[in-house]
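Have a look at the structure below before the remarks.
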Amino acid sequence: AILSGMILLLCRLARLPSRVTLVIVTAFVLFYGAMALPSPPVVRAVVMCLAVALGLLLRRRIDLVQLIGLAAIAMLIYHPADAFNAGFQLGFGTVLGLILFTRPAIESFRRWRGDYLDPDFREPTLLVRAGRSTDHWLMKTFAAGFVAWAVSMPLIALHFGQLNPWAIPAGIVMAPVVVIALVGGFAKVVLTFIWPSGAWLWAVMAGEPIAWMRRLVGWLALLPKSSVPLPTPSVWWMLVYYAGLGLFLIPSRRPKWQLGLRYLPPVACLLAMFLPLFTGRATFITPNRDLRLTLLAIGAGQTAVLQTPTGRTVMIDAGSMTQTDMVRKCIGPFLRSAGQRDIDSIYLTHGDYDHISAVADVASAY
């Protein structure tokens, strides 16, 4: 969508006819789809863009929900196992959520905040118009980020066992860098095709925004509680959660019910989002029948996790001489895969660095 928008902008600046612009953008989408890997997000984007282009060419009404359904059906006919793929579920689920909930979210934010109006009926100044445009853009961006985070959170917990509370502001900060990186990567391909001898220069120029993006991700990952461990949610919990989101879409003409329907969904969603962060582990985890001892591969050192039949989790040492940031790279992923979100006790055999280097981080996170 970002790259197609760039081509559309260039065509409009060149004042090309609408149908010519549509053909150019469609050809570009096909070219991009042929270059990119056939992953679920790419195929979904190509199918939806082609369907939109066909609808515009035939002057037909465009229904985004129908289009995303068409793209999902086309992908599942080609590769049915994608239904269980994390990228497929997150991609289609998040886009569907943005289609359904972004506009209601923007309208809710406007009602809660109250739109400001110019007290004078005169034409506002350039500075006032710029401020209003910036404010409107920020509100729309925040609303889209909030919807994407709320819709994808259960799926992220299901597939990755963690949650990032900073996802919305981090996404807003990352957006300009991601756009520059996408445009630069595509420009590199086009410029290499036009001027092959300058490929090294185009690669260096395209690689710099990607390096910025990676550094920015690293900095954002240092924020406190940037990775909150979550247990794998049950199917029933996810059904209840998404049913609560669906209440946003229920129309009501009865004034007595409107207030309840307006505030019930956000309250239900907030409870569903934050309840796992404060509820005891026994609610989510079924105790193991056996005593299980796991030695983690951390190089020089020792880190062992003991899971008892009663559901307690005990660590015996937590350290390494060769691995840095053990919580994010090793201990956290293992605990998430095991469905654990707490450490009950840590026992240290002795005080050498390769046995205690990660204890403080583990105690802080778990």
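The C-beta contact set for segment 346-363 (first residue part of a helix (DSSP H, G or I), second residue open to solvent by 60 Å² or more (accessible area, probe 1.4 Å) and at pLDDT 90 or above, distance under 9 angstrom, 6+ apart or interchain) comprises 355/348; 355/349; 356/348; 356/350; 359/348.
Residues in segment 326-344 that are surrounded by fewer than 17 Cβ atoms within 10 Å (Cβ to Cβ) and more than 17 Å from residue 159 (Cα to Cα): 342, 344. Of everything in segment 345-358 that is hydrophobic (A, V, I, L, M, F, W, C) and in contact with a Gly (Cβ under 7 Å, 6 or more places away or on another chain), the residue that is least open to solvent (accessible area, probe 1.4 Å) is 358. Looking at 90, 96, 67, which one is in a helix (DSSP H, G or I), farther than 16 Å from residue 155 by Cβ and not charged (D, E, K, R)? Checking each option against the conditions leaves just 67. For residue 160, the criteria (1) surrounded by 11 or more Cβ atoms within 10 Å (Cβ to Cβ); (2) modelled with pLDDT of 80 or more hold in every case but one, which is (2).
Restricting attention to segment 12-22 and to residues that are touching a helix residue (DSSP H, G or I) at 6+ places or on another chain (Cβ under 8 Å) and closer than 24 Å to residue 47 by Cα, the residue that is modelled with the lowest pLDDT turns out to be 19. Scanning segment 77-105 for residues that are surrounded by 18 or more Cβ atoms within 10 Å (Cβ to Cβ) and at pLDDT below 80 yields a single hit, 82. Between 336, 312, which is under 16 Å from residue 292 (Cα atoms), of a type in the set (D, E, K, R) and either modelled with pLDDT of 90 or more or more than 25 Å from the chain's Cα centre (by Cα) (or both)? Just one listed residue meets the conditions, 312.
Assessment of segment 38-45 against the conditions (surrounded by 13 or more Cβ atoms within 10 Å (Cβ to Cβ), of a type in the set (A, V, I, L, M), modelled with pLDDT of 80 or more and within 30 Å of residue 243 (Cβ to Cβ)) yields no matching residue. Of everything in segment 131-150, what is polar (S, T, N, Q) and either open to solvent by 40 Å² or more (accessible area, probe 1.4 Å) or over 14 Å from residue 105 (Cα atoms) (or both)? Give them in sequence order. 133, 134, listed by residue number.
In segment 296-321, the residues that are at positive phi reach residues that are among the acidic types (Asp, Glu) with C-beta atoms within less than 8 angstrom, at least six apart or across chains, in these pairs: 301/317; 301/354. Candidates in segment 162-220 are the residues that are outside any helix (DSSP H, G or I) and of a type in the set (S, T, N, Q); of these, the one that is farthest from residue 334 (Cα to Cα) is 164. Evaluated against (1) open to solvent by less than 90 Å² (accessible area, probe 1.4 Å); (2) assigned to a helix (DSSP H, G or I), residue 54 falls short on exactly one condition, (1). Mind listing whichever residues of segment 322-332 are of a type outside the set (Gly, Ala, Ser), outside any loop (DSSP other than H, G, I, E, B) and in contact (Cβ under 8 Å) with a residue 24 or more places away in the chain? Residues satisfying the conditions are 326, 327, 328, 330, 331.
Within segment 213-230, the set of residues being open to solvent by 40 Å² or more (accessible area, probe 1.4 Å) and either in contact with a strand residue (DSSP E or B) (Cβ under 8 Å, 6 or more places away or on another chain) or among the basic types (Lys, Arg) (or both) comprises 214, 215, 225, 227.
The values are calculated or read from the model by the stated rules, or taken from the named source; none is laboratory data. None of these values were measured; they are calculated from a predicted model. Cβ coordinates were reconstructed from backbone atoms using ideal geometry, including for glycine residues, and neighbour counts include every protein chain displayed. SASA here: full protein model, heavy atoms, side chains in, ligands and nucleic acids out. Shrake-Rupley method; radii C 1.70, N 1.55, O 1.52, S 1.80 Å.
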